[in-house]
Amino acid sequence: MRKDDLYKVALLCCQVKVVKRYYFLLLFFVAGSEGFGEWSSSLNRYEGVLLLTEDFKKKTGDTCGKIDFFGEDINDRQTEKTYTKVRFSSDKSVTDYIELGPMAIPFVKDDLSGHFSPSCNLAWVGALDKGEVTDDTGEVVGNHERYYCVFIALPQACVLAIHTGMMCSGKFDRSDQWVRDDGYPSLDLLSKGFPNIKKYIRGPDSQVDPTLDVNNILRCDPVSRDNVGDYLKVVNDERLGVSENLRDEIRVEVGTLNIK
């Protein structure tokens, strides 16, 4: 096989599946077939394949993992394809599903890069609320559309914050802070800690703070010996408005804890 043909095979494999061990095996095969003496003359091609690999990773999030969308949302109000839940996966782990139940808005895909922070500890995903505005009689009086950016801690799949407007225009820096494009101070998403069950007990109003949803708190602050008392309050107090299915889930977690 000619050298040019081998190069095309290596390039195609890098485009289809970026896996380091395959990548280096292909490069080794190309070098071996022509002799190591010609490796320096092919250096520009090696660099081209490497740049293509890195560009592919940036576009797909392959460096940290990927974002999987589930539950296509069939809604007459929306022309964009939207999804009820997302999940993050990598070669090391797969997170729980994430839903924005209290806000009742779906997630939306995009082709943007930079969904993961350089450390892979944080990520963001978009959500879109779009539809008609009706008056008290049910007559349509207008339309609304609002885009949200949902910031998530990994691998816990813990929703840390939900923002909209200019807050969504920015990027992660190397210290895991969200740097806004409009020049306003950076957002330190980890400075206030994770949502936890104690905060929920103090003020269980997820309409004010949608991160204080018990489904989310279970991911952010799993049942442990340190917080089991607060979780039992949720199980035993029906006034908190937690569904019976979710209270059953907490009971199972508490029971597992007691077995250990």
Here region 222-238 yields Karplus 3J(HN,Hα) values (6.51, -1.76, 1.60; θ = phi - 60°; whole Hz; Gly and Pro given as x) of x, 4, 8, 5, 7, 10, 4, x, 5, 5, 5, 5, 5, 5, 8, 10, 5
Counting only protein heavy atoms and rolling a 1.4 Å probe, one gets per residue an accessible area for region 71-186 in Å² of 56 Å²
From most to least accessible, 1.4 Å probe, no ligand or DNA/RNA atoms counted, Arg146, Arg219 line up as Arg146, Arg219
From most to least accessible, 1.4 Å probe, no ligand or DNA/RNA atoms counted, Asp221, Asp209 line up as Asp209, Asp221
By accessible area (1.4 Å), largest first, Thr95, Thr256 order as Thr256, Thr95
SASA check, Glu72, accessible area w/ 1.4 Å probe, all protein chains in place, rounded to nearest 10 Å², comes out at 100 Å²
In whole percent, the fraction of accessible protein surface over region 215-260 that belongs to carbon or sulfur atoms, probe radius 1.4 Å, stands at 47 percent
Note on region 197-240: alpha-carbon gyration tensor, axes a ≥ b ≥ c; rule is a/c under 1.5 for rounded, else prolate if a/b larger than b/c, else oblate; result oblate
To the nearest 20 debye, region 173-228 has a Cα-centred charge dipole, built from +1 on Lys and Arg Cβ and -1 on Asp and Glu Cβ, of 320 debye
Of the listed links Lys92/Lys233; Lys85/Lys171; Lys66/Lys130; Lys171/Lys233; Lys81/Lys192; Lys109/Lys192, those spanning more than 32 angstrom between alpha carbons are Lys92/Lys233; Lys171/Lys233; Lys81/Lys192
In region 139-260, taking the dipole from +1 charges on Lys and Arg beta carbons and -1 charges on Asp and Glu beta carbons about the Cα centre, the listed residue (Val179, Gly229, Val252) farthest towards the positive end is Gly229
Region 68-181, Kirkwood Rh and Cα Rg, ratio Rg/Rh at 1.02
Under the 7 Å Cα-to-Cβ spin-label approximation, Phe70 and Asn236 lie apart by a distance in nanometres of 3.4 nm
Of the candidates Leu122, Gly138, Met103, the farthest towards the positive dipole end of region 103-153 (Lys/Arg Cβ +1, Asp/Glu Cβ -1, centred on the Cα centre) is Leu122
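The values are calculated or read from the model by the stated rules, or taken from the named source; none is laboratory data. Nothing here was measured: the structure is a model prediction, and the numbers come from that model. In this analysis, Cβ positions are derived from the backbone assuming ideal geometry, glycine residues included, and neighbour counts consider all displayed protein chains. Just so you know, the surface numbers come from the protein's heavy atoms only, side chains and all, with ligands and any DNA or RNA stripped out. Shrake-Rupley method; radii C 1.70, N 1.55, O 1.52, S 1.80 Å.
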